[in-house]
Amino acid sequence: MSVCPARIAAAAALVLLAGCAATPPSHFYTVSGPEAPPSAASALTIAVGPVTVPGVVDRPEIALTVGENEVWFDEFNRWASPLADALAIATAQNLAADLGAPRVMTLGQAQPGRADYAVAIEVQRFDSVQGSYALLDAVYTVRRNTDGRTTIGRATFRETASDRSYEALAAAHSRAVAHMSRDIAQALRGIAALPVTPPPAR
């Protein structure tokens, strides 16, 4: 018995369509800072970056910590942009609001050598535990470019996720970044209050 090629093609198309229909849509999330523009209370120019993150979370898929030695990558729930970029932008937004300094930008936006201060962040841990908490552990360096005066600090914050959604995890990480940004803002104020050290005489 011969089989009509058209029927074979139609059956294959139905199988393909069924497979596509069964694939869940992807969802995208980000870490964010305050949306309102800051009041211009400070003329400081601040560049945020570089920001580095652990390799395990330096990927589009959200990495869920599911055990002491186990991580699960969700193919259908992803970061909308590279995580390091999102953290830099959120930190810049928070610092602008905390300091009243509208000229806070990421390293890629700042003109080379034009920023008064530079903020570098090395994220040590960025844990996402679904339905439980988000953990941010980072070392930050604040440098005044005029004289090279530098301070280093560590920020570790654990924020509770309100439910099991990825949106709740992203919001918890955003709150942790806001706490870290307040620590960085305090470090910036501390350096700004110190006299500028003149360069050594030649």
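The values are calculated or read from the model by the stated rules, or taken from the named source; none is laboratory data. Note that the structure is a prediction, hence the values are computed from the model and not measured. Here the Cβ positions follow ideal geometry from the backbone for every residue, glycine too, while neighbour counts run over all protein chains shown. Side chains are part of the model used for accessible areas, which takes the heavy atoms of the whole protein and leaves out ligands, DNA and RNA. Shrake-Rupley method; radii C 1.70, N 1.55, O 1.52, S 1.80 Å.
Scanning region 70-107 for residues that are farther than 19 Å from LEU136 by Cβ and open to solvent by 80 Å² or more (accessible area, probe 1.4 Å) returns GLU70, TRP72, GLU75, ARG103, LEU107.
Can you tell me which residues in region 135-194 are within 20 Å of VAL66 (Cβ to Cβ) and in contact (Cβ under 8 Å) with a residue 60 or more places away in the chain? Listed by number, the residues that qualify are TYR166, GLU167, LEU169, ALA170, HIS173. A Cβ distance below 6 Å, combined with a sequence gap of six or more or placement on separate chains, defines the contacts here; from region 17-36, residues that are aromatic (Phe, Trp, Tyr) reach residues that are at pLDDT 90 or above in the pairs PHE28/ARG78; PHE28/ALA80; TYR29/TYR166; TYR29/ALA170. On the basis of being under 20 Å from the mean Cα position of the chain (by Cα) and either open to solvent by 40 Å² or more (accessible area, probe 1.4 Å) or over 24 Å from PRO54 (Cα atoms) (or both), does ARG125 make the cut? Criteria met by ARG125. The residues of region 38-66 that are in a strand (DSSP E or B) and open to solvent by less than 30 Å² (accessible area, probe 1.4 Å), listed by number, are ILE46, ALA47, VAL48, GLY49, VAL51, GLU61, ILE62, ALA63, LEU64.
Does ALA11 satisfy the criteria of being among the hydrophobic types (A, V, I, L, M, F, W, C) and either surrounded by fewer than 11 Cβ atoms within 10 Å (Cβ to Cβ) or at pLDDT 95 or above (or both)?
no
So, of the residues in region 125-164 that are in contact with a strand residue (DSSP E or B) (Cβ under 8 Å, 6 or more places away or on another chain) and not in a strand (DSSP E or B), which turns out to be farthest from TRP79 (Cα to Cα)? Per the stated criteria, the residue is ARG149.
Let's see how each residue does on (1) surrounded by fewer than 16 Cβ atoms within 10 Å (Cβ to Cβ); (2) closer than 28 Å to PHE28 by Cβ:
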{"site": "TYR140", "(1), (2)": "no, yes"}
{"site": "ASP147", "(1), (2)": "yes, no"}
{"site": "THR150", "(1), (2)": "yes, no"}
{"site": "SER162", "(1), (2)": "yes, yes"}
{"site": "TYR166", "(1), (2)": "no, yes"}
{"site": "LEU169", "(1), (2)": "no, yes"}
{"site": "ILE184", "(1), (2)": "no, yes"}
{"site": "ARG189", "(1), (2)": "yes, no"}
{"site": "ALA193", "(1), (2)": "yes, no"}
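When MET105 is tested against (1) within 17 Å of the chain's Cα centre (by Cα); (2) outside any helix (DSSP H, G or I); (3) free of Cβ contacts under 8 Å to residues at least 40 places away in the same chain, exactly one condition is not met: (3).
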